[in-house]
Structure formats: structure tokens, C-alpha cells
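Written below as C-alpha cells is the structure these notes are about.
What follows draws every value from the coordinates through simple rules; no lab data is involved. All values derive from a computational prediction rather than experimental measurement. Ideal geometry is used to build each Cβ from the backbone, glycine not excepted, and the neighbour counts take in all protein chains shown.
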Amino acid sequence: MAGRINDDDVKAVRDAVPIDAVVSEYLQLRPAGGGNLKGLCPFHDEKSPSFHVSPSKGLYHCFGCQAGGDTLDFVMKVDHLSFSEAVERLASQAGVTLRYEEGGYAPGRQQGERIRLVQAHKAAAAFYTEQLDSPEAETGRRFLAERGFDQEAAAHFGVGYSPAGWDHLTRFLRGKGFSDKELILAGLAQESRNGRPIDRFRGRLMWPVRDITGEVVGFGARKLREDDNGPKYLNTPETAIYRKSQVLYGIDLAKREIAKTGRAVVVEGYTDVMACHLAGVTGAIATCGTAFGGEHIKILRRLLMDNSRSEVVFTFDGDAAGQKAALRAFEDDQKFAARTSIAITPGGMDPCELRLAEGDEAVAALVEGRSPLFEFAIRSVTGQHNLDTAEGRAAALEEAAPIVARIKDGSIQHQYAVRLAGLLGILDTEFVVRRVGQLARWERERRSGGPGGQGGPQQRRPAGPPVPQVRPGPAPGGPRLDLRSPQRLAERELLKLALQFPALVSPLFDAYGADEFTAEPYAEVRRAVEKAGGVERADGEYLTRVRDAAPDDTVRSMITELSVEPLRTPREPDEAYAGEFLVKVRLEAVNRRIAELSSTLARMANSGDDAQTAVAEQLWTLERYGRSLRDRGAAALWS
């Protein structure tokens, strides 16, 4: 069992790796004001960015799904790591040597499984790269040269060679301290018939597949020999670190260009990615042995910030298979806010073949000459019908109109409807526009569960009775607290000031009781600040102490949220701004207490209680204090 990592080393890791640098490996971040950054949340689908990062505090929080925490929390959640695995990963990046309470400095066997698998792949990639220079790899070097890739290009992409023997890599990695079990779990080895592990990849050209952070998580292997009975391309099997539906080849090299230019180019293979990058199209990426799908879209959306000015360009061969693949891509078009385009390679050539035949300029021109994917889809569908006959034009309209109806932008939808009428040779343009509009309305109603949801003429519905709509009941534990209601805005703002700018509310805030905060979550945050020593003791570890003092994850999440959420002022907050909310919260608490005492005094008057005088004096004191707060503002808090 792995020993506990030394607390000082954990702190050193947190301090050494800025949270914005870590998060930027997974998504594009833009300024959000107040020194914060924002982007599309990696933990849930969203169209506009609600994921905020505070570099100065080392925290993140999503105001959409409520995920939040520090750098380690982020790495644990985004990569599905344990706490120690997250520390180990960041420590290796920062060059921090970890000490374990039970066993001194970290031996390899103590590290988490995922970290070990990543390290095994890193070692394997280095081994394969070195083997590409061996005499046996001549066929691999010739394969690359024939496709226009020299030694420098191979090194840039980390291309290597796996020897043809049974266990060359297995023996090499054993010598590095990896167990047979780890090699099998990593997909680098497999059990032979006699139960002994042998290399999974043998006698093949090897492409390392890296995740968005640049870690090698798998391989793509191309057959080179005629006596190899395996598939043309053999990929790493599904493992704890490799999911082919969640990786894009070249994303580690392309991500900065994609974020910078707002354009991603999707090609079909490893050599196509290499050809595009060498031709200057450095935003090119490819899937790894699977169709482009929903998980790939999520990766690109986070880099593109999913705005209408960004673009995804699909490149496909001009043959029937390429057109079919393009139409599959079109099915996912509406999952992007970005524009989607298509670039069809001439003569059935892929980008690699095009570069070899016509040079780098032809590859760049291919991408620049792209056309909207909607237009390609419409032309592909209408081209399957005989437009010289009325029957053929009618059939083409019924097949193409639903495609135009799916265009989200109303003005563009109208333009394509008019273009469709011209393409079909239908003189009654308004008829086509109305038909497209009708289908678009039915689709909207279907999605919203309105009248059209019962099915228009073109809709297919499952047989059987309609599914009853289940209305959610009240949340467990009573009604939901609206923590952003106008009545609680002052409390929320004061807590944000206490967490983000403690010096502005010190020492007054420490005199505020938890009962001055009307929402229980806010009261718990106030108690956590008190347990952490109060705002007067705020230092570099202040927020960490407050989060550690939280009684549960719900309160800890609330603390993170308030630590990251921008203040309600566009200017840099000052003592006057802080004083405004100190007064508001205190005055609301005074008013509530005045109301309670007034009610108590009224009941005493009817009962003849002898304690009336004391209550009346307390009421008079509070009323005078309330007037002072209204008249003098924050100055009254010091008297």
C-alpha cells in the first residue's frame, strides 16, 4: 500500500503549478474581469462560458454545474485520478520530488496506477523512437520517405518502430521497473497462449497518441510486412488512460493554433495530420480508428470557445466513402455553435497524397477553398434525384428541406431555402421557403414538447401510448434556497469580499456573527472563516484554511464559488465599497432584531410582563444604532 505523501510536498506542488497553466491545457481561457479567467466547462455541456478560474487564489468554479476547487481538485476530476495520482502528475511536471510518510522518497511501485500507465507509455514511446534508427526499421523509414516525411518530421511527431520479435518492448520495460500486469493493463503487452506476456505491437511503424496535455496514452501502429496477418492499422485497446472516442491525434500540437485562430481542421489519418502540419495547416487533428463523434466535439468546443466566429473544417476524399463520411459529420453539425465546412480533396487524394503530388501550397489551398457543410449536404442529397422531372424535384425537396430546416440561424436558413429552390429549378420560391419554415417549426416544437412534438407529417414516432411527463417534486430537505435573491445579495457580496479581499473588511468582519447571515450556507461559510482564524489572520494559506474548515463538500463548494465569483463592481474594490456591504448586512440584521423586539414588546404589553422596561431599552438602543448606520455609514461600525 502506498504511503501518505508528505504535507509539505503537497503544498509545494500546489504552489509550483499555477492553476491557469494547468486548466489551459484542457480548454481556452479568456479574461473575465477582476484578474479572473473564464472558458467552457470541461465537466458539462454549455454554450456560453460559466467556468471561472482565479489564478491569484488558485481556485476554479463553474457557475453552471457547481464544480470547483483548487488545482489538485481540477486534475483529479478532469482526468479521473485519485488525490495521490494528481499530486504525482503535477509533481512530475513541476520537478518536485515527493516524500512518502511510509518509505521515504517515492519508489515507482508506490505511485498510482494511472500515473504508472502514463509513465510506461512515455518509456515505450522513447523505445520505439530509438528503434526507428535500427537496420530492421528500414522498411518503416522507406514508408515515411515515400510519403514525403524526412527524419526531422518523424522526430517532430515522435514516430517510431516496434521490433518484430515477440517481447523486445516487454523486456525493456521490465528493466525499467514495470510489472507484467502494468504492461498488460497499459495495452502495451498481451498474454500469449502459454500465459506469458508478449508485445502487442511487432514489426510496425508507430505513432504515439497524446492527450491534450501532451502525455502519451496510446499508439497507432501501421502494418509494414506482407507476412503480418493483422489489420492495416492496429490501435491501443481501451484502457484506463486511452478511450478512442475521447482522443484526437495531434491535439497536443494543434490546440494552441486552434485556440488562436478559432479554426480546427479534421482529417482522417495520422499521415494526413503530419502532411497538414508540415504544409502550415497546424490546426489539423484526426480521430484514432473511430468516427468523429460527440466526445471529440466536446474537446474542440472547449478550445474554440464555441462561438459563431469559429470554424471546424472537415476534409474528406471525393469518392463515395468520403461523401458518406462527410454526411456523418453533418449529422453532428448542430452540436457546434461554430461554423462547419468541408474541403473535398481532388482526385480522391487524401491530404498526404495531395502534398506529395502538388506540394504544401496545394494542402493550404484545399483548406482555404472549403465550402459550408450545409451546402455540401444539400448538393449531395439533391444530386441523387432526377431534377429534370417534377417527381424528381418533389422528392429532392422533401429530402433536402429538412436539412435546411435544421440551420439554427434564421437569416441563413432563409437564404439556403431560396438557394434550394433555385438548385431544384422550382420557380415558386415562396413555396420552398414556407415548407422549410414549417419543418423548422415542427422541429422546435418537438424539442420543446409543444404541439409539434406530437409529430408532423415528416416525423417518426415510436408506437405505443405517449410517455407521461414526470414533474419533479420538492427537493429533499425543504424548498430550494435562492442564494442570489435580492434580499441576500448584500450577504453574498460581503462574503466574497471577506474571501477575496479580506484586508478591506478587516477587522470589522470578524465581529459579525453567523446569525447575521440569513441563508444557512452563508452562515456556514462565516463559521468556516472564523475557524480559519478570521480575516485578520489572512495570509497566503488563508483560503486553504477556510476550505479545510468547511464541515462538508457542499460548504466547501460554496466557499470556492464565492472565492472565484466576480464582485458586482466594475472597478477595483476599495474600503468605501467594502464599507457599503458591511453596513447593509449589519443594518438588515439590526432591522430583523428590531422587528423581533417590537413583536415581543407588544405581547408583553398585553400580558403585563415586568421585563418590558429592559426590552424597551434594548429596542431603543437598536433603533438609535440603526439610524446611525443609515446616517453615518461605515463610520458607525467603529463606535
ask   = Which FRET efficiency value, to the nearest 0.05, do you get for E358 and K408 by plugging their Cβ-Cβ distance into 1/(1 + (r/R0)^6) with R0 = 41 Å?
value = 0.65
key: Percent RCO, i.e. relative contact order, over the range 128-272, from Cα pairs under 8 Å lying at least 6 residues apart   = 18 percent
query = Tell me, W442, W166, W638 in order of fewest to most beta-carbon neighbours within 10 Å?
reply = W638, W166, W442
message = Give me the net charge for the shell around D133: Cβ to Cβ below 14 angstrom, other residues only, Lys and Arg +1, Asp and Glu -1.
response = -3
Environment charge of R370, counting only residues whose C-beta is closer than 12 Å and scoring Lys/Arg +1, Asp/Glu -1 = -1
query = Applying the Karplus parametrisation 6.51 cos²θ - 1.76 cosθ + 1.60 with θ = phi - 60° to the phi angles of the range 257-267, what ³J(HN,Hα) value in whole Hz is obtained for each residue in order, glycine and proline being reported as x?
reply = 5, 4, 5, 6, 8, x, 9, 10, 10, 9, 10
key: Ranked M274, M604, criterion: other C-beta atoms within 10 Å, fewest first   = M604, M274
query = Among K181/K255; K77/K255; K244/K408; K38/K122, which pairs are too far apart, with a Cα-Cα distance over 23 Å?
reply = K181/K255; K244/K408; K38/K122
key: Calculated P(r) of the range 7-110 - Cα pairs past 22 Å, %   = 33 percent
request  = Starting from the alpha-carbon convex hull of the range 383-453, give the projected area averaged over all orientations, in nm².
outcome  = 4.8 nm²
key: Dipole of the range 383-453, positive direction: furthest Cα of G425, I412, A390, with charges on the beta-carbon   = I412
task = Describe numerically, in nm with one decimal, the distance between label points set 7 Å from Cα along Cα→Cβ at D133 and at E575.
result = 6.7 nm
query = In what order do F43, F172 fall by count of nearby beta-carbon atoms within 10 Å, going from fewest to most?
reply = F43, F172
note = Taking the alpha-carbon centre of each part, the distance from the range 416-436 to the range 218-252 in Å is 46 Å
request  = Compute the Kirkwood hydrodynamic radius of the range 486-638, taking the inverse of the mean of 1/r over all pairs of distinct Cα atoms, and give it in Å to one decimal.
outcome  = 16.7 Å
ask   = At what distance in angstrom do the alpha carbon centres of the range 1-40 and the range 509-543 lie from each other?
value = 25 Å
ask   = Which net charge results for the neighbourhood of R89, defined as the other residues with beta-carbon distances under 15 angstrom from its beta-carbon, given Lys and Arg at +1 and Asp and Glu at -1?
value = -4
request  = Please work out which option in [x] -0.72, -0.87; [y] -0.58, -0.73; [z] -0.80, -0.95 gives log10 I(q)/I(0) by the Debye sum over Cα atoms at q = 0.08, 0.09 Å⁻¹ calculated from these coordinates, and answer with its label.
outcome  = [z]
request  = Compute the relative contact order of the range 7-110 as a whole-number percentage, counting only Cα pairs closer than 8 Å that sit 6 or more residues apart in sequence.
outcome  = 22 percent
key: Label-to-label distance, nm, for residues given as D548 and A394 (7 Å Cα→Cβ offset)   = 7.8 nm
message = Could you give the length gained by full extension between K11 and R174, i.e. 0.36 nm per residue of separation minus their alpha carbon distance, to one decimal place?
response = 55.4 nm
task = Treat each spin label as a single point 7 Å out from the Cα along the C-beta direction, and report the I594 to A514 distance in nm.
result = 2.8 nm
key: Gain on full stretching of the segment that runs from R4 to Q612 - 0.36 nm per residue minus C-alpha separation   = 212.7 nm
key: Per DSSP, loop trypsin sites (Lys or Arg not before Pro) in the range 1-95 with at most 16 further Cβ within 10 Å   = R4, K47
note = Relative contact order as a percentage, the chain, C-alpha pairs under 8 Å and 6+ apart, gives 9 percent
ask   = So how much slack lies between A602 and A145, counting 0.36 nm per residue of separation and subtracting their Cα-Cα distance, in nm?
value = 154.9 nm
query = Can you list the residues, at least 5 places off or on another chain, whose amide H is less than 5 Å from the amide H of G58, using H built in the peptide plane?
reply = none
